[in-house]
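To start, the structure itself, in structure tokens.
The values are calculated or read from the model by the stated rules, or taken from the named source; none is laboratory data. Computed from a predicted structure; not experimentally measured. Because the Cβ atoms are built from the backbone with ideal geometry, glycine has one as well, and the counts that use them run over all protein chains shown. The area values use the complete protein model at the heavy-atom level, side chains included, leaving out ligands, DNA and RNA. Shrake-Rupley method; radii C 1.70, N 1.55, O 1.52, S 1.80 Å.
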Amino acid sequence: MTGQLVLIGSVGVLAAGTFAFRFAGPALRPRIATRPWMERTMASAAVILLTALVGTAALTEGHDLAGVARPTGVVVAGLLAWRKAPFVVIVLSAAATAAGLRLLGVP
Amino acid sequence: MRSMKRTLGSRLLRNIALVCLADGLVGMSYGAIAVGSGLETWLPVALSVLVLAGSAEFLFVGIVAAGGSPIAAAVTGLLVNARHLPFGLAVGDVLGRGPRRVVGSHLMNDESVVFALGETDPDRRRAAYWACGVGIAVCWPLGALLGAVAGNTIGDPAALGLDAMFPAVLLALVLPALRDRDVRAPALIGAVVALAATPVLPAGLPVLAALVGLLAGVRRAVLR
């Protein structure tokens, strides 16, 4: 019973804390975004975070490397995106490449 | 809905729908994995509605299923979700004020942020953010519920290559921003820092550590 309560409490803490992070940005923004270079820096920060997410989500699993199939799928998608292929093709090619390689026994 | 279609155009709307659909599929595997590893159905479903952030939920469920402390799982999830603060600083202008800002904050995630960043016109920024945010807020919990109820009937998500879809979506959407040289160098430095930090730092911190890439931009500005 206590275990269940701790679990529910932890879900609540994660939900409330996540919302606080999400709400803080828009709330603080009017005070910070007063100068053009601030605005540019904040936009750059978001692109930096998203690029880092692409890298870690493509190449790592926990603290280890993610194998070969997933990064290869993402590289194929990246090449297609660079050649301005339709978005559907890009996304499905990533899944198809990774799934195909795994079918062939590549991790 | 019709005015949203007019603002966004059918191509962008189709792209957003595809991302929501993909998220729904990943949500199904998430729900199935959670229940399959012995957790009760309510847990992945409650997390998907209340937290609405996939990677943090996967970690939470993984830690609890492995017998770890739920408190440690919550702390780890919070570290992973800390990136929403800088996200809100970057795209917070699309949320509006009052109750809209409260709802809009909850809809903030990697996908809705990157769709908003891709648009320069304020109306299109706002419409892209909300369309993607609402779509994912519906598809992700629905997927988690279906997966949790269906249980182990859904096979390994890796076999379908679903794990490659999330980074591919983000890559396709940030690529236009990376054509700007002033952003590209800091972003690539940040990504390298994040990858180098992954083996040693707790989950979530490597991505935040990528922000040191901002220093590269500052240096460039000073030298110029």
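The GluC sites (Glu not before Pro) of the stretch B:19-122 meeting both criteria, a DSSP state outside H, G, I, E and B (loop) and at most 13 other C-beta atoms within 10 angstrom of the site's C-beta, are B:Glu40. Using a Gaussian network model of chain B in which every pair of alpha carbons under 10 angstrom is joined by a spring, one finds that among B:Val192, B:Val200, B:Val19 the greatest mean-square fluctuation is at B:Val200. Across the accessible surface of the protein assembly as shown, with the other protein chains kept in place and a 1.4 Å probe, carbon and sulfur atoms take up 70 percent.
Would you calculate, for chain A, the mean residue ellipticity at 222 nm contributed by helices, counting each DSSP H stretch of 4 or more residues as -39,500 (n - 2.57) and dividing by all residues, to the nearest 500? Write out the running numbers ahead of the final one.
Details: 4 runs with 86 residues, N = 107.
Result for chain A, helices only: -28000 deg cm²/dmol.
For chain B, the fraction of C-alpha pairs more than 32 angstrom apart is 21%. Taking B:Ala191, B:Ala56, B:Ala34 as the candidate residues, the one with maximal mean-square fluctuation in a Gaussian network model of chain B, Cα springs under 10 Å, is B:Ala191.
How big, in percent, is the set of alpha carbon pairs in the stretch B:42-90 lying more than 13 Å apart? Spell out each step's value before the answer.
Values: 653 of 1176 pairs.
So the pairs more than 13 Å apart make up 56 percent of the total in the stretch B:42-90.
Placing dummy labels 7 Å off each Cα toward the beta-carbon, the span from A:Ala27 to B:Thr120 is 3.4 nm. Please build a GNM for chain A, connecting alpha carbons under 10 Å apart, and tell me which residue among A:Leu28, A:Leu92, A:Leu80 fluctuates the most. Of A:Leu28, A:Leu92, A:Leu80, the most mobile in the Gaussian network model is A:Leu28. Rounding to the nearest 10 and keeping the result within 0 to 90°, find how far the Cα-based axis of helix A:69-82 lies from the longest principal axis of chain A. Relative to chain A, helix A:69-82 is tipped by roughly 80 degrees. Please identify every one of the chymotrypsin sites (Phe, Trp or Tyr not before Pro) in the stretch A:1-55 that sits in a loop by DSSP and has no more than 11 other beta carbons within 10 Å of its own beta carbon. Taking the stretch A:1-55 and a limit of 11 other Cβ atoms within 10 Å, no loop chymotrypsin sites (Phe, Trp or Tyr not before Pro) are found.
The distance linking the stretch B:1-75 with the stretch B:102-158 is 8 Å (Cα centroid to Cα centroid, whole angstrom). Computed over the alpha-carbon pairs of chain A, the distance histogram in 5 Å steps reads 2, 10, 11, 12, 13, 11, 14, 14, 8, 3, 1, 0 percent, short to long.
In debye, nearest 20, what is the charge dipole magnitude of chain A about its Cα centre with +1 on Lys and Arg Cβ and -1 on Asp and Glu Cβ, if you could check?
Working: 9 positive and 3 negative charges, 90 e Å.
Using only the charged Cβ atoms, the result is roughly 440 debye.
Taking label points 7 Å from Cα along the Cα-to-Cβ direction, A:Val89 and A:Trp37 give a separation of 4.3 nm.
Suppose only helical runs count, i.e. DSSP H with n ≥ 4. What mean residue ellipticity at 222 nm does that imply for chain B under -39500 (n - 2.57) per run, divided by all residues and rounded to the nearest 500 deg cm²/dmol? Show your work: numbers first, answer last.
Working: 12 runs with 171 residues, N = 224.
Rounded to the nearest 500, it is -24500 deg cm²/dmol.
Residue by residue, the stretch B:192-205 carries 3J(HN,Hα) couplings of 5, 4, 4, 5, 5, 7, 4, x, 10, 8, x, 3, x, 5 Hz when phi is fed to the Karplus relation 6.51 cos²θ - 1.76 cosθ + 1.60 (θ = phi - 60°); x denotes Gly or Pro. Only alpha carbons enter this Debye calculation for the protein assembly as shown, each as an equal point scatterer, and the log10 of I(q)/I(0) it gives at q = 0.12, 0.14 Å⁻¹ is -0.82, -1.15.
Computed from backbone phi, the HN-Hα couplings of the stretch B:57-62 come to 5, 4, 5, 4, 4, x Hz, rounded to whole numbers (Karplus: 6.51 cos²θ - 1.76 cosθ + 1.60, θ = phi - 60°; Gly and Pro given as x). Annotation for B:Leu201 and A:Leu104: the two label points, set 7 Å from Cα along the Cα-Cβ direction, are 3.5 nm apart.
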